[in-house]
Amino acid sequence: MSAVSFSSWNGKIIDNRTGKAARVDAGVPTMLGDKSFTALMGWNGLVVSGAANIPSLALGYLREARKLSCGECSVCSIGIDRIAALLEGLIAGRGKKQDVAEIERVARGVMELSKCNFGRASAVTPVLDAVRYYKDDFLALATGKKGTTSPYKTAVTAPCIEACPARLDIPGYIELIRNNKFDESLDLIRKRCILPGVIGRACTHPCEEACIRNGIDQTLAIRLLKRAAADNDLASGGGALKKPTAERPEKVAIVGAGPAGLAAAYHLRRMGYQVTIFEAFPKGGGMAAVGIPDYRLPKNILEHETRLIRELGADIQYNRKITKLDMDELTAQGFKAVFLGVGAHEGTRMGCKGEDAGYEGFVDGAVFLRDLALGKPVEPKGKVVIVGGGNVAMDCARSCLRLGFKDVEILYRRTRKEMPARAEEIDEALEEGVKIRYLVAPVSVLADGNRVKGLECIRMKLGEPDSSGRRRPVPVKGSEFKVKADMVIPAIGQKPELGFAGDVLQVTGWGTIEVNPETLRTNLEGVFAGGDCVSGPATLIEALDAGNRVARSIDAYLQGRTFEPEMSFKGIDVKAQRALGHVDACPQEKVSLLEPKERVKSFAEVEAPYSDATAMKEANRCLRCYRLVVWE
Amino acid sequence: MLNVTIDGKKLEAKDGETILQVCQANHVRIPTLCFHKDLTPFGACRLCVVEVKTDGKWQLASSCDTLVRNKMEVRTNTDRVKESRKLAAELLCYKYPSTKAVRDMAESLGVEVPEGKADGSDCILCGLCTRTCHEIVGVDALKFLDRGLGRSVSEPRIEYIADACIGCGSCAYVCPTGFVKMEASGDRRVIWDKSFKMTACDKCGRYFAPEEQLKWISRKTGVPMSKLTVCTSCR
């Protein structure tokens, strides 16, 4: 990296042009992913590290900002136009000295007066810095000397986009909802999330943690807005997906119709490839189908969204479990590439005595939820104990209540604070009557003959933080005690079943498939992998991202092109901005939840949707925090 | 009841009122182009800007969509407010140099409006028509078409959805610049380039509403069409 000669990043001025070298803050971007630059203009300032044409870059910035300015408030879009016209005049040699001062005045106005956070924080900020700190470069143009323009590169993100594993254009689809364009909003969502109704219900929504509104009142209800776009479409009959413009002859095999496989299939079909999915279960959706109970995600939503992908021409073959990865056979069938998205469906062992004895009433959490989803009856007798603190444990516990179990208890070895389950999942479980015992771990499974009768447990205390940053649970010597149970469900994690790949596929120490993290290629020629079988059990949206990316990677592979990863903002704090101005606090629009007493009577969906009008009202809270950078 | 201070005067306000509403109730004049008392505020024109004390600092805020809070301090007539309103009007004038409503507004705020004809009627994207169509009429025939990441809308504009329009003309009444035109001749009304057949009043014979509007009212209210054949004056 070359030394920074000037920076106004975060509003902090570092000026090394006079020869005196000042220290550069860790927060100042000096690279964009793996790309270096001579000058960069971003929402948060100007960074210069070499000889650069600043007026030209400022004009480039304004042109890109103009594309992001929605045009709803007059100040932002017209202000950008006005400044750009003055700058164009200066560069063309038609400008006057006063024009430089005028650019400054209008830019200040745009930052103070704009309606949304794009106008206030991003639209002109670095341009104002440029005319203030590189004034001579601009004044030189006012002497009648013509300037030049240089090419520039550009990228856009937002705090919510950056937090989303699949990088959905969140401000974009929210804006379309605000403007009553639910169908266009759904089109935009589908570019990166082909299961909008599913994700709109079951996403862990890291985007909401990143929302700038958290610092003012409360996050936008991003997940619920996505659901509103999907529900609006379904209410009007559920339109078909756009067909590919041209067909391609190459065949691609996908193993697993989970979120990763479905996303890959959708994008490959849109590009025109011939796609076959082999699915072991009788239905598509992977963990969304056999891992998330109906009260969180009604099955008709997933079925609808899977059917659309099938109708797009993806040949989904259900009940086709691949027991051996036979590349010769797949090649003979004409497949040019294979994507493995087999998920992680095998329960992790607890490491306690008796768990492999095959006792009746001892069922792994993932298996329990799968059996339930596939219609296997469960007799609700006595007490059920679930071990674990993740979403699967919550899903098992809440399902048990709905099945009619009167006594449902979760054992977790740490405290509520360390629980990996979503906070609202835990709250809803407690409301419904699930009991949770913290700082307890099982030691052995107790049985009466071949039938489970309980667990022997030990109390834990929290020790030093481990690699996950959570405090490690440590057993308290001599604190063993017994917990009675008629059914025990361990739900402490899953791993992929990779027996089908024999020993030809390279795997990691964690028992997941080893891939190139950018291209998702495995060690086998033409074989790609992604989703839970690569990451270990993760979220639906991460699996969708893998599917989105692998489609681009497979396309590049089949067309003999180099795969270009997306521009990375890694290392740049995209939440940081200088001034926010006055933003009126207004609380999030609420949706109603079924009464806990009603919830446990059936598997009916707990959460009510937004009406279109409420969704539009909620969408109106979005501050549009697009972050723009241009560089040369 | 909330206590607020506007320009140094202590005033009372109701919970849920905006700064603009309190100002209007107390005869504090604030310019607006995109505001209508019966519609959700939109904050598009930025002319109603005032200063609000936020965390000890005076910050600019649009008064139409900012709710008053207890003990809020507001200033509506400082130089900063005046200059900001002037800039907002100047920029509107820059984009719509011949629009009369814009020129008049700019002049009233002390902007030196350049010479030129003042007979134009542009769409200044104030959103009054889209809000009226959605909130009052409820047919959603007018929608904002704006830009953003990955959308190739060259210029923001109002999209007219002819199939949804019932020809009621509310958008024409509410348009501040005269951009939305409605013309009547004989039994036809033309609005947004769509021609509507008008219904004549059974009693006075005057053409009083487009057929499509009456059908819409009938569908929405359950009143049969046969009861909607008399105009409001004869009813």
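The values are calculated or read from the model by the stated rules, or taken from the named source; none is laboratory data. For clarity, every value in this text was computed on a predicted model and none was experimentally measured. Here the Cβ positions follow ideal geometry from the backbone for every residue, glycine too, while neighbour counts run over all protein chains shown. The protein model used for the area step is the full one, side chains on, heavy atoms only, and it has no ligands, DNA or RNA in it. Shrake-Rupley method; radii C 1.70, N 1.55, O 1.52, S 1.80 Å.
Couple of notes before you dig in:
- Taking amide H as placed 1.01 Å from N in the peptide plane, the amide H of B:F196 sits under 5 Å from that of B:R189, B:V190, B:I191, each at least 5 places away or on another chain.
- Within region B:128-227, percent of DSSP bridges classed antiparallel, to nearest 5: 100 percent
- Placing +1 on the Cβ of every Lys and Arg and -1 on the Cβ of every Asp and Glu, with nothing else charged, gives region A:57-180 a dipole about its Cα centre of roughly 300 debye.
- The contact between chain A and chain B removes approximately 3400 Å² from the accessible area (both sides summed; 1.4 Å probe; ligands, DNA and RNA excluded).
- Taking the square roots of five times each eigenvalue of the Cα gyration tensor of chain B, the equivalent ellipsoid has semi-axes of 38, 23, 17 Å, listed largest first.
- Calculated mean residue ellipticity, 222 nm, chain B: -6500 deg cm²/dmol, from DSSP H runs (n ≥ 4) at -39500 (n - 2.57) each, averaged per residue and rounded to 500.
- Only Lys, Arg (+1) and Asp, Glu (-1) charged, at Cβ; region A:593-632 dipole about Cα centre in debye: 120 debye
- Evaluating 6.51 cos²θ - 1.76 cosθ + 1.60 at θ = phi - 60° for every residue in region A:580-585, the Karplus couplings come out as 9, x, 8, 10, 5, 6 Hz, glycine and proline recorded as x.
- With Cα atoms defining each centre, region A:134-202 and region A:295-331 are spaced 33 Å apart in the structure.
- Out-of-range pairs (alpha-carbon distance over 27 Å; input B:K53/B:K82; A:K226/B:K37; A:K67/A:K242; A:K191/A:K324; B:K37/B:K181): A:K226/B:K37; A:K191/A:K324
- Cβ-derived FRET efficiency at R0 22 Å, A:E497 paired with A:A357, nearest 0.05: 0.60
- Placing unit charges on the Cβ atoms of the charged side chains and taking the dipole of region A:282-356 about its Cα centre, the candidate lying farthest along the positive direction among A:Q317, A:F339, A:Y295 is A:Y295.
- Ranked by how many other beta carbons lie within 10 Å on average, peptides A:598-608, B:221-231, A:41-51 from highest: A:41-51, A:598-608, B:221-231
- The antiparallel fraction among DSSP beta bridges confined to chain A stands at about 55%.
- Mean shadow area of region A:206-303, taken as a quarter of the surface of its Cα convex hull (nm²): 8.7 nm²
- Extension gain (nm, one decimal) between A:R416 and A:R578, 0.36 nm per residue minus Cα-Cα: 54.8 nm
- Region A:35-170 - percent of accessible surface contributed by carbon and sulfur, probe 1.4 Å: 52 percent
- For B:87-95, mean number of other protein chain Cβ atoms within 10 Å: 6
- Accessible solvent surface per residue of region A:347-495, calculated while the other protein chains remain in place, 1.4 angstrom probe, Å²: 47 Å²
- Per-residue shielding of A:170-179, expressed as the average number of other chain Cβ atoms within 10 Å of the residue Cβ, stands at 3.
- Measuring nothing but protein heavy atoms, the accessible surface of region A:347-495 at 1.4 Å probe radius is 49 percent carbon and sulfur.
- Total formal charge among the other residues, if their Cβ is under 9 angstrom from that of A:S444, Lys/Arg +1 and Asp/Glu -1: -1
- Applying the criteria of a DSSP loop state and at most 16 other Cβ atoms within 10 Å to the trypsin sites (Lys or Arg not before Pro) of region A:437-542 yields A:R470, A:K477.
- Close amide H contacts of B:T54 (hydrogens built in the peptide plane, cut-off under 5 Å, sequence separation of 5 or more or a different chain): B:Q59.
- Remark on region B:142-164: accessible area falls by at least 40 square angstrom from chain-alone to full-complex state for B:K143, B:F144, B:D146, B:R147, B:L149, B:R151, probe 1.4 angstrom.
- Chain A, relative contact order [Cα under 8 Å, separation at least 6], %: 19 percent
- Contact order normalised by residue count of region A:6-151, Cα under 8 Å, 6+ apart, percent: 26 percent
- Amide H contacts under 5 Å for A:E355, placed H, 5+ residues apart: A:V445
- Peptide A:75-83 has a mean shielding of 5, counted as Cβ atoms of other protein chains within 10 Å of each residue's Cβ.
- Each Lys and Arg adds +1 at its Cβ and each Asp and Glu adds -1 at its Cβ; summed about the Cα centre, region B:76-229 shows a dipole of about 500 debye.
- When only Cα pairs below 8 angstrom with a gap of at least 6 residues are kept, chain B shows a relative contact order of 12 percent.
- Furthest towards positive pole of dipole, B:G43, B:N77, B:T54, structure part region B:2-77, Cβ charges: B:N77
- Per residue of chain A, the DSSP helices (runs of n ≥ 4 H) give a summed -39500 (n - 2.57) that works out to -10000 deg cm²/dmol at 222 nm.
- Dipole of the protein assembly as shown, positive end: most advanced residue of A:L59, B:V153, B:V4 [Cβ charges, Cα centre]: B:V4
- Here the scattering of the protein assembly as shown is modelled by Debye summation over its C-alpha atoms, one equal scatterer each and no solvent; at q = 0.05 Å⁻¹ the log10 of I(q)/I(0) is -0.35.
- Euclidean distance of C-alpha centroids, region A:215-230 and region A:17-74, integer Å: 31 Å
- Relative packing of peptides A:363-373, B:52-62, A:69-79 - highest average C-beta neighbours within 10 Å first: A:69-79, A:363-373, B:52-62
- Here region A:239-292 and region A:575-619 have alpha carbon centers that stand 31 Å from each other.
- Each of B:A200 and A:D466 was given a label point 7 Å from its Cα along the Cα-to-Cβ line. The distance between the two points is 8.7 nm.
- Peptides B:78-87, A:305-314 ordered by packing proxy, namely the average of other Cβ atoms within 10 Å per residue, highest first: A:305-314, B:78-87.
- Within region A:445-577, the percentage of alpha carbon pairs spaced more than 18 angstrom apart rounds to 72%.
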